[in-house]
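Following: one structure in structure tokens, then a few remarks.
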Protein chains: 4
Amino acid sequence: METSTKHTWRSKLHEIIYEADTPTGKLFDVVLLIAILASIVLVMLESISAFDAKYHDFLNISEWIITILFSIEYIARIVSVKRPLKYVFSFYGIIDLLSTVPKYISLMLGGTQALVALRALRLLRVFRILKLARYLGASNQLANAIKASRAKIAVFLFAVLIAATIFGTIMYLVEGEENGFTNIPKSIYWCIVTLTTVGFGDIAPATPLGQFIATIIMILGYGIIAVPTGIVSAEYTKASENETGKRLITDEEVEQLKTVIRNTQSCENCLAEKHPDHSHFCHKCGHELHHD
Amino acid sequence: METSTKHTWRSKLHEIIYEADTPTGKLFDVVLLIAILASIVLVMLESISAFDAKYHDFLNISEWIITILFSIEYIARIVSVKRPLKYVFSFYGIIDLLSTVPKYISLMLGGTQALVALRALRLLRVFRILKLARYLGASNQLANAIKASRAKIAVFLFAVLIAATIFGTIMYLVEGEENGFTNIPKSIYWCIVTLTTVGFGDIAPATPLGQFIATIIMILGYGIIAVPTGIVSAEYTKASENETGKRLITDEEVEQLKTVIRNTQSCENCLAEKHPDHSHFCHKCGHELHHD
Amino acid sequence: METSTKHTWRSKLHEIIYEADTPTGKLFDVVLLIAILASIVLVMLESISAFDAKYHDFLNISEWIITILFSIEYIARIVSVKRPLKYVFSFYGIIDLLSTVPKYISLMLGGTQALVALRALRLLRVFRILKLARYLGASNQLANAIKASRAKIAVFLFAVLIAATIFGTIMYLVEGEENGFTNIPKSIYWCIVTLTTVGFGDIAPATPLGQFIATIIMILGYGIIAVPTGIVSAEYTKASENETGKRLITDEEVEQLKTVIRNTQSCENCLAEKHPDHSHFCHKCGHELHHD
Amino acid sequence: METSTKHTWRSKLHEIIYEADTPTGKLFDVVLLIAILASIVLVMLESISAFDAKYHDFLNISEWIITILFSIEYIARIVSVKRPLKYVFSFYGIIDLLSTVPKYISLMLGGTQALVALRALRLLRVFRILKLARYLGASNQLANAIKASRAKIAVFLFAVLIAATIFGTIMYLVEGEENGFTNIPKSIYWCIVTLTTVGFGDIAPATPLGQFIATIIMILGYGIIAVPTGIVSAEYTKASENETGKRLITDEEVEQLKTVIRNTQSCENCLAEKHPDHSHFCHKCGHELHHD
């Protein structure tokens, strides 16, 4: 019965790796989370040349430990899953592989800059553990508000891009290369820096006319920053109303509610009130009504 | 029947150029869109001096191809339209002509900077193809919100301008020419850079007093950035309510709705209240009620 | 009857200067508005040293013309008003005098910088002509929203100031004089520049720890920029509801409206409905009700 | 009876120091507030080296006066309170001690930078006097809005941090050390500077690709600045509704309200509709109605 015990062993591994309901499963998630964050911190520390020069060996060994841990985890994932190929070519399967290989590649090819990018991809693995996507989905109000505003914000950003292109060309002509507006793409870049109120100041208009146009761009940006905010704000209010089931009343409903009440006639005969508008006869005793 | 076939040929051309319902019409629009965007990219690339130096011939030939395409399109538009003069002097007619001529002018006068501006005008042609104006108009909520807020935002921007002028003059006096506030218009420019929270940093206060006043300006700007946002947000909510027909209830309507319920009868026998209107008997003890 | 004609002449002058209902009154306002704006433009142009050097005479003569015009206007205002002293010591009376005197003072004392400030005060006179204060007051929604938010924004700004002082002291200790944080007031200035997202960049943290703290300050600023915006936005919505008379419904009103409707009992005897809750007898025929 | 008078004297001291209801109590609070603010101003002035050089003696003496005042106050607080140890180890007790000791420490150890931090802690004492915490708590709407949005803003900020890390790594690879992106943490710092639209400009992208990515980051930041604003704005509106008791109507309530009116009777004689409930006669022709 070797296969059976192997099967049991495999399903247990699956439970530990893919589920978070058991204590071991939770522990696995926590350890993995720490390993991922540690690997990200390593990438950051390595990029600081002073730190790298001093603690190169420590960084190297740590990266090897993490690489070996990730390798074991990757193999365990393949072994424990029913359809290994499906996992290997899934989104997280590819991310897992790419997170594991950089150190092996650097053995063969030497450390290149591109490997840093691969290692930074490990951050995406955090999403699986924290189930962030699901959590964000759960906060329905926010998700719905953004979803509902998406199209409008797209139209809006498109308008911003066209404005940036036109103003960028104008600023290139007005300021010219001597003031840092060396070409139109750079001018458009400056325009977006200004419209979004970031304002690095690496490029800044120097001529009076350029500064005047910049003023217009800034006030425009100041005015239009209100638009996406207003959209999200209003959509969020709406989404929040839908969720609580509370809502505004419609014109039609108010009309319906009012039909009962609108009339001030009272019957001479039986003193009945609440006749519909333009009633000719009392609804209670049938006596003819005299209009005021 | 030469004129007749010519007429048919002409009306077909009109269909292709001015309408987008037929496959050929759609194809024409797509080709034109690509040509316009390509011509804009050419203008951008040409402005990058390193690129221009290396690929001058390629840029020159591409510009000629686009110019010839635009020329053919311009002539085709004149030929196919019923009243050519009306088209020639229309907004898009003038834009089309200005989009076509720069290369011809450069042949005669040599390439000048002003021609770049003419070529950048081609971007406006995108609006006709994408029918952007119409699309923006269709998103009624956004358009209505902006329309409704227009006057208020104008008043608001006017107040910003006056504040900028007053603070600009003060900063000119406090900081003076040695700290970059060389004259009042430049000082006002700096003030708007600060109020809009852009903050290039090309000019920055250096004296303690100047920095103190700058602090006030910034906090002011921080506070007033809320105003246009609040306006658009509230107007957008209102516009959105109008569109769905849902709305808030008025005081008067609540009063009307409540008249049904305002029965002040109380039973002589058991003193019970809240009888429905026109009750004949007490709902509690069954005693007959006397109407007031 | 000399005094009588003089009186008529005086009241006519009053009508022209202080009222805007007659054509001459309107013309006077327009001319004055142009003169004020022209005088502001003159102050600006004079501050541009290149322009001042070239057109000094033109600026000098223009300033004299405007000064004489303002002098005549000032005298006319005193003459035509019933209680001249009240006018002279009123807010606008003082502004009018200060707007007029700078050129006379410069004759005696020579042109000093402080006179520029006096001349810039002329801008305040625009408010009287445009009746801006009244206009702003008329747009009740905006005014009410700002008024209603005033206290909250004040509390909020106070919190911002305390945060700026604490973070400013920390940054002074962390970054020190060598990185531009020369003293605590300057450090607080930098903190407000950062919290308001202006970010001049004249001072910027250079140490890793300083940059880390700056990150916290920025994210804090990013988060709290939402607060005044949210306040104004919500208050504006409320103010806008109050103006249209439309409003949300209160809990109590819903309760009142529902009392009529809540009961589904119908009388066995006469089939009457809409009995109040816990009715024992039919309100129409007095027949005893059986509870469901 | 010496202990008794001592007790009375002690309870009077307690009243003055810990309560603000009596005139002496109020005076004590005002004097203390002035002393605290004065001590903060002293810390600021001392940090300005030019000022410190000139008025070193004045600053030194003032600090001694304030230190002695705070010492007396600290001793008085211990003496007048019932359980002195509880006060000494309370939050404000520790703050009070730390506010008092810096000058004594500097006598022993000489003035160090760390003492400045201790002295800046005095600002926290303002909270006790102004009862700011309580005041902020009283403005329920604002507090509730922030409390209700807290979780969502946290998720949001977490997403911003992940975006900053990923874009920071990309920018480090694209721009490299020669353009100021010396390491990944610095690159992430730049990313947050850009996303929050602060934009110091101490580091700015110099390569075309880096500027293109920066454009995406800025537009992203521009788009997402809307999210926390929208959240706070909507939550504030809700909190404000809860406080006034006004609210939106629920679907269910509208249904209930409409049941009154849903009379489906039509007159056999003239086919008139919209009779009030329980009508006996048609309001149009007076014909008797038969109930369904």
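The values are calculated or read from the model by the stated rules, or taken from the named source; none is laboratory data. On a predicted model such as this, the values are computed, not experimentally measured, just so you know. Every residue, glycine among them, receives a Cβ derived from its backbone with ideal geometry; neighbour counts consider all protein chains shown.
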Filter pass, A:I192 being surrounded by fewer than 24 Cβ atoms within 10 Å (Cβ to Cβ) and under 22 Å from B:L123 (Cβ atoms): no
Scan C:L209, C:L173 and give me the residue that is out of contact with any strand residue (DSSP E or B) (no Cβ under 6 Å at 6 or more places or on another chain), facing chain D (nearest Cβ under 7 Å), surrounded by fewer than 21 Cβ atoms within 10 Å (Cβ to Cβ) and assigned to a helix (DSSP H, G or I). C:L173
Working only within region C:74-89, note down all residues that are more than 24 Å from C:E63 (Cβ to Cβ) and surrounded by fewer than 13 Cβ atoms within 10 Å (Cβ to Cβ). C:K82, C:R83, C:L85, C:K86, C:F89
Residue by residue through region D:49-87, note down the ones that are of a type in the set (K, R) and assigned to a helix (DSSP H, G or I). D:K54, D:R77, D:K86
Please verify whether region C:42-54 includes one or more residues that are surrounded by 13 or more Cβ atoms within 10 Å (Cβ to Cβ), farther than 24 Å from B:F167 by Cβ and either assigned by TED's automatic domain parsing to the domain that holds C:L121 or in contact (Cβ under 8 Å) with a residue 12 or more places away in the chain (or both). no
Within region A:176-202, the residues that are away from chain D (no Cβ under 11 Å) and either free of Cβ contacts under 8 Å to residues at least 12 places away in the same chain or acidic (D, E) (or both) are A:G176, A:E177, A:E178
